[in-house]
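Read the figures in this text as sums done on the coordinates, not as results from a lab. Fair warning: this is a prediction, and the values are worked out from it, not measured in the lab. Virtual Cβ from ideal backbone geometry, glycine too; neighbours counted across all protein chains shown.
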Amino acid sequence: MLDRKSFLQSSLLGLAGISFPLKWKSLSPKTVWQNQPLVVSTWDAGIEANKGAWKILGNGGRALDAVEAGVMVTESSQNCCVGLGANPDRDGFVTLDASIMDEHFNCGSVAFLERIKHPISVARRVMEKTPHVMLVGAGAQQFAVAEGFPLEEQKLSPDAEKNYNEWQKEHKYRPIVNIENSKSHGPHDNIFDLSGHFNHDTIGMVALDARGNLSGSCTTSGMGFKMRGRVGDSPIIGAGLFVDNEVGAVTATGQGEDVIRVCGAHSVIEYMRQGLAPEEACRKAVERIARIKGEGAKQIQVAFLALSKEGEHGAYAIQKGFSYALHDQNDEKLVASKSYFS
Ligand code: GLY
C-alpha cells in the first residue's frame, strides 16, 4: 500500500514519464540559485558588453538596466557589425533593429531604424512610454527624435566601408553566414565567408539580477548588404529574444529568417519549461531548424543562448565557431558553444 507521499511521487513520475519521457531524462542536475547575478551575451564582443552590464548587476541593480547598458557598449563601438558604423544594406544605408524584454513580459522593439546611435534605448522607450511593442522605420525614428535622441549622420566604420566597397564589385545578393575569428576558437577557415571578413552582426544579452529577475536585450545592424527594408529576428519578440521570468531568458544570433520561422527564442523557453537544461533546449531548437532546412542547413549559422531562472546557462549553434561571453562574480570568460555540424 502506498502512503500519500509515495503515491504523490509515483503519480508525478508517472505523469512525467507519460507526457515527457525524454525531456524528463534530459533534466540537468538542478542548480540552486543563490542570489548571484549573472550575465551572458553572444560572441566575443560580449566580453566588453558584459562589463557594461556588470557595473549595474554587480551593484545590485536591475537586470533590465544591465542588459540595456551592456549592449549600448557594443552599439557605441563603431565596429562593422552593430550600431551606426555597421555594414550597410545593399543600397548603402545602415538600418538597425533592437528589442528588450523585462521580467513582467513588458517588451519593446524597433526595426529598420536609421541614424540613431542607441536603438536599444529607443526600444526601451517604446516599451515604457507607448502602448505598443514595436515601431519601425520612419515612425520609429520620429518617436526617437521626439524622445530626445539626436539624429546622427551615417558614418560607416572603416571596416564596413571596405566591406561594402568590396561587396559592390560583385553585387552578389547572397546572405553570408555569421562567423567570427573567435579568440576562444582561434582563426578558422570558413567556407561561408565570401569576402573573408569578420561577419557577425548581432549582440544578444540575457541577465539574472540579485533579486532573481531576468531580462534580455538584442541589437543588430542585421545581415550585411541585405535588401532595403529587410528585418531579421532580433526585434521580433519570441524570435530573437524572449524572457519568461518563471523559466528563463533566451536570445538568438545568426540568420534571422530561420530563427523567425520557428519562433526560435520562444521555442527554447518552452523546451526549458518542459524540463530541458538551457544547452539541451538550444540544441533542440537548432536541430529543428536543421531538419527544416535539410541540405540548406550547411549554408547558414544560427545560435541560441539561454539562461535559466536558476542561473544555469548554455548555448548551441548550427556551425562551429560560436561562443558566448559570461560574467558573474567569480569569472569573466568566453565559453565555446557545441554545434550541430562539427
Ligand atoms: N540575427 C540578426 C539578423 O538576422 O538580422
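Observations on the structure shown:
- Think of each Lys and Arg Cβ as +1 and each Asp and Glu Cβ as -1; about the Cα centre, that makes the dipole of the range 283-342 roughly 440 debye.
- A simple packing score, the average count of other Cβ atoms within 10 Å per residue, orders the peptides 39-49, 136-146, 214-224, 267-277 as 214-224, 39-49, 267-277, 136-146, with the highest score first.
- In order through the range 140-146: 3J(HN,Hα) via Karplus (6.51 cos²θ - 1.76 cosθ + 1.60), integer Hz, x for Gly, Pro: 5, 5, 4, 5, 4, 5, 4
- By the count of other C-beta atoms within 10 Å, a proxy for reagent exposure, Met134, Met101, Met205 are ordered fewest to most as Met134, Met101, Met205.
- Net charge dipole size for the range 205-333 [Lys, Arg +1 and Asp, Glu -1 on Cβ; Debye, nearest 20]: 660 debye
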